[in-house]
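Values in this text are rule-based calculations from the coordinates and carry no lab data. All figures in this text were calculated on a predicted structure; none of them were measured in a lab. Cβ coordinates were reconstructed from backbone atoms using ideal geometry, including for glycine residues, and neighbour counts include every protein chain displayed.
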Amino acid sequence: MVSPSSERNEKGRYESNHGVTVEDVFDSMDPLEPYTTGELADKVGAPRRTVYHYLEQLYEENRLKKKKPAPRRVIWMRGQ
């Protein structure tokens, strides 16, 4: 279920009504530092679901790496 605060744009990408962009999430990450979705959501002040969709978008664009150490747990990392 998509949060009512997120809608897809004409390219199928999620956009937030909270004023947070994909680039805001990316820029909030220190290179080579591991993050959870919840940590980044707190850091940028946006819902977890919105941040998760942004992180997936960044991963699909090969701008982030991700690791799933356990079910329902994802670690995200930005390169150098």
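About its Cα centre, how strong a charge dipole does the range 33-80 have in debye, to the nearest 20, once Lys and Arg get +1 and Asp and Glu get -1 at the Cβ?
It comes to approximately 200 debye.
Stretch GLU33-LYS68 to full length: gain in nm at 0.36 nm per residue minus the Cα-Cα span?
Working it through step by step, the gained length comes to 11.1 nm.
Enumerate the amide H contacts of LEU64 below 5 Å, restricted to partners 5 or more residues apart or on another chain; note that Pro and chain-start residues carry no placed amide H.
TYR59
Say each of ARG48 and GLU60 gets a label point 7 Å from the Cα, pointing the same way as Cα to Cβ; how far apart are those two points in nm?
Placing both labels 7 Å along Cα→Cβ, they lie 2.2 nm apart.
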